[in-house]
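To start, the structure under review is shown below, and the notes come after it.
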Amino acid sequence: MAKTATRGRRKAPAKRKSSASSGGAMPWLVLGIAAVGAIAAYDNWKTIRPMLGKAPAAVVREAAEAKPQAPKEAPKQVAVAAPAAKPRQTNDPVPPAAIPSAPVPTAKIVPASISPVTPSSSETAKAAFGYCGQGEHINCVGDAGTFWYKGEKIVIADMVSPDVDRARCEDERKIAFAAKSRLLALLNAGPFNMNAAGKVDDRGAPRVISRDGRSFGTRLINEGLARKPGSASGSWCA
């Protein structure tokens with residue numbers, strides 16, 4: 001019995017050896033099959049080659065028949081606003097803002113009125129005077145306060161005298177005629193000065209007539225033949 005058991009234990013390694021020999025033969029079997037296939041392919045290369053050439057053509061045909069895919073829409077680009085740059089903070093003093101200046105009003109230019117007076121405010125005159133009649137008045141005396149010099153009507157500005165044609169009584173007419181005669185005598189006594197005393201109007205050119213610094217109007221007033229302008233004296237009639 002003991003021997004039999006010993007024999008059985010010794011036979012066990014033999015099985016392990018047979019399994020190891022079968023596992024080592026498997027690679028050689030695969031190599032043999034591959035070699036046989038390669039020999040068969042080489043012998044039948046003329047038949048296999050057309051079959052291999054048709055495969056790429058079929059692949060190309062299938063790719064051509066395939067429907068073209070619609071192009072993918074490019075993703076929309078959304079503009080992102082750049083962050084505003086922060087002002088640089090410095091320690092330098094900031095200049096004050098400019099103060100708008102008030103508009104300067106434009107002065108309206110008003111043309112100066114030109115008074116129709118003689119070019120010179122003072123004029124020396126000399127002529128032979130007479131009494132004014134119906135004809136043209138050149139150098140003549142109209143009444144005690146009015147005369148014409150070179151066709152211009154002159155009104156003595158520093159006196160008021162009665163008018164012969166408008167006398168309301170005989171006394172006023174006599175005084176008016178006496179004043180008219182006295183003015184004619186003064187004008188013909190020699191050169192005299194005419195000083196402008198206002199603007200020319202419908203009544204004539206107002207002048208102060210004088211000789212050697214003595215006004216003709218003052219003389220007639222002192223002689224009782226005229227009065228000062230604006231005086232409150234009564235009528236020339238008694």
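The values are calculated or read from the model by the stated rules, or taken from the named source; none is laboratory data. Every value quoted in this text rests on a predicted model; they were computed, and no experiment measured them. Ideal geometry is used to build each Cβ from the backbone, glycine not excepted, and the neighbour counts take in all protein chains shown. Just so you know, the surface numbers come from the protein's heavy atoms only, side chains and all, with ligands and any DNA or RNA stripped out. Shrake-Rupley method; radii C 1.70, N 1.55, O 1.52, S 1.80 Å.
Residues in the range 100-126 that are open to solvent by 60 Å² or more (accessible area, probe 1.4 Å) and modelled with pLDDT of 85 or more: Thr124, Lys126.
Here Asp212 fulfils each of the conditions (1) at positive phi; (2) open to solvent by less than 70 Å² (accessible area, probe 1.4 Å) apart from (2). In the set Phe129, Phe192, only one residue is in contact with a Ser or Thr (Cβ under 9 Å, 6 or more places away or on another chain), of a type outside the set (Ser, Thr, Tyr), modelled with pLDDT of 90 or more and buried (at least 18 other Cβ atoms within 10 Å of the Cβ); that residue is Phe192.
Here Val155 qualifies as touching a residue at least 12 places away in the same chain (Cβ under 8 Å), in contact with a Ser or Thr (Cβ under 7 Å, 6 or more places away or on another chain), open to solvent by less than 60 Å² (accessible area, probe 1.4 Å) and not aromatic (Phe, Trp, Tyr).
Where strands (runs of 3 or more DSSP E) fall wholly inside the range 126-208, the ranges with 1 or more residues that are among the aromatic types (Phe, Trp, Tyr) are 146-149, 192-196. Of all residue pairs spaced 6 or more apart or on separate chains, those with beta-carbon atoms under 6 Å, a first member in the range 129-146 that is without any contact (Cβ under 8 Å) to a residue 40 or more places away in the chain and a second member that is of a type in the set (A, V, I, L, M) and in a loop (DSSP other than H, G, I, E, B) are Asn139/Ala127. Taking the condition at pLDDT below 95 and either surrounded by 18 or more Cβ atoms within 10 Å (Cβ to Cβ) or under 25 Å from Lys150 (Cβ atoms) (or both), does Ala197 pass? Yes. All conditions in (1) under 22 Å from Glu123 (Cα atoms); (2) over 60 Å from the mean Cα position of the chain (by Cα); (3) not in a helix (DSSP H, G or I) hold for Ser235, with the sole exception of (1).
When Gly230 is tested against (1) at negative phi; (2) open to solvent by 60 Å² or more (accessible area, probe 1.4 Å), only condition (1) is not met.
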